[in-house]
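Inspection log for the structure reproduced underneath, given as structure tokens.
The values are calculated or read from the model by the stated rules, or taken from the named source; none is laboratory data. All figures in this text were calculated on a predicted structure; none of them were measured in a lab. Note: ideal-geometry Cβ built from the backbone for every residue, glycine included; neighbour counts use all protein chains shown.
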Amino acid sequence: MMVKGLSRSVNCPAPGTRGISLVSLTGRLPEGNVPKVVAERASRSKPKLGQHFLADGTAARRIVDALGNISQSTLLEIGPGRGVLTSLLTRSARRLIAIELDRVLAAQLRMKFALYPNVEIIEGDVLAVDFATLFGPKPGSSRPGLIQTPEPVRVVGNLPYYITSDILLRLFTFHQCFDTLVIMVQKEVADRLAANPGTRDYGLLSATAQLYARVETLFTLPPGAFTPPPKVHSSVVRLTMSPRIDSLHVPEEAFINFLKLSFGQKRKTLWNNLKTEYAPDSLRAALQEAGVKPAERAEALPLEKKAAIFRALASNNGNLPQSGK
């Protein structure tokens, strides 16, 4: 894998200015000299912060190797937990930013890596971190007259099962910030991310992930690779960011809303899902122009066909879905 860290700069969008619309995001006030973290906490309920920690050293090494050469890269580790991956990453990453929600674990990690100048531990919620400011110069490292632009960041982490989709959508919202994601998720989520149109697992998450990235399932681990063991298998997935918005010739946020509408109810046909927003005559004409039968379901269509329907609807009457259903 080519090292891209020093050859290309990125311009991360400000939160809420574009991309995927999410619920209110949450976080904690940062402690110490760390980048800005959004402080508001939403009222969503969630289970205890119990986490299944990776205990397989060989698997940890394989995850790090999947990131490629990171000697000139900035890395974001999500949920470092007890620091199994962190310990490996510190040896070769130029800069490592680890975000841990658990207060006790974050404190332990700060102590463990206090002598590593390339490591920053942030106690906070990854769903609330302001990526637009996170990847600037390391606190205390800037000098007058020195201009430092953000670089593409590689992401690694064992994602908590109960908010996996939320984290992925958050990362896709800021896709301009990222280069490669190597993440561990529940196997059924990995199957959905990599699913092809027309298969049982293909759905909104599949379409969204494949709109922004090339998806590879690398390997699967049994429950015994973790402590405590979960009740399910886990898979490591690599997402290489390669947004297709421009090649599909669609506006990003409106097309995301269109995808949500298309997959609104899985058992319904595309016609029945879309007719809630579009007039029958316009919808019929757009489907015919795109070469899609009204009885087709969104699960059966590749992104190119969905984009063709969207463009036809937009050109026919300029009517774009605004509800984000």
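See the values below:
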read-out: Test result for THR180, under 20 Å from SER234 (Cα atoms), more than 19 Å from the chain's Cα centre (by Cα), at pLDDT 95 or above and assigned by TED's automatic domain parsing to the domain that holds GLN210; value: no
read-out: Extreme residue, farthest from PHE310 (Cα to Cα), among residues of the stretch 244-299 that are among the aliphatic types (A, V, I, L, M) and in contact with a Ser or Thr (Cβ under 9 Å, 6 or more places away or on another chain); value: ALA295
read-out: Candidates VAL215, VAL237, VAL232, filtered to the one that is in a loop (DSSP other than H, G, I, E, B), under 18 Å from LEU168 (Cβ atoms) and in the same structural domain as ILE183 (by TED's automatic domain parsing); value: VAL232
read-out: Positions within the stretch 240-264 being within 15 Å of PRO302 (Cα to Cα) and in a helix (DSSP H, G or I), in sequence order; value: ILE245, SER247, LEU248, PHE255, ILE256, PHE258, LEU259, LYS260, SER262
read-out: Single unsatisfied condition, THR180 versus (1) touching a residue at least 60 places away in the same chain (Cβ under 8 Å); (2) among the polar types (S, T, N, Q); (3) assigned to a helix (DSSP H, G or I); value: (3)
read-out: Single match in ARG110, ARG82, ARG18, ARG8 (criterion: basic (Lys, Arg) and at pLDDT 95 or above); value: ARG110
read-out: Among (1) buried (at least 17 other Cβ atoms within 10 Å of the Cβ); (2) over 30 Å from THR58 (Cβ atoms); (3) touching a residue at least 40 places away in the same chain (Cβ under 8 Å); (4) more than 19 Å from the chain's Cα centre (by Cα), the one test that LYS260 misses; value: (4)
read-out: Residues satisfying the stated conditions in the stretch 63-77, i.e. surrounded by fewer than 21 Cβ atoms within 10 Å (Cβ to Cβ) and in contact with a helix residue (DSSP H, G or I) (Cβ under 8 Å, 6 or more places away or on another chain); value: VAL64
read-out: Residue list for the stretch 292-316, restricted to those being of a type outside the set (A, V, I, L, M, F, W, C) and either part of a helix (DSSP H, G or I) or crowded, with 21+ Cβ neighbours inside 10 Å (or both); value: GLU299, GLU304, LYS305, LYS306, ARG311, SER315, ASN316
read-out: Among the residues listed as GLY83, GLY57, the single one being out of contact with any strand residue (DSSP E or B) (no Cβ under 9 Å at 6 or more places or on another chain) and without any contact (Cβ under 8 Å) to a residue 40 or more places away in the chain; value: GLY57
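Conditions tested, residue by residue: (1) surrounded by fewer than 18 Cβ atoms within 10 Å (Cβ to Cβ); (2) hydroxyl-bearing (Ser, Thr, Tyr).
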residue: ASP179; (1), (2): no, no
residue: MET184; (1), (2): no, no
residue: GLU188; (1), (2): yes, no
residue: ARG192; (1), (2): no, no
residue: ASP201; (1), (2): yes, no
residue: LEU205; (1), (2): no, no
residue: ARG214; (1), (2): yes, no
residue: THR220; (1), (2): yes, yes
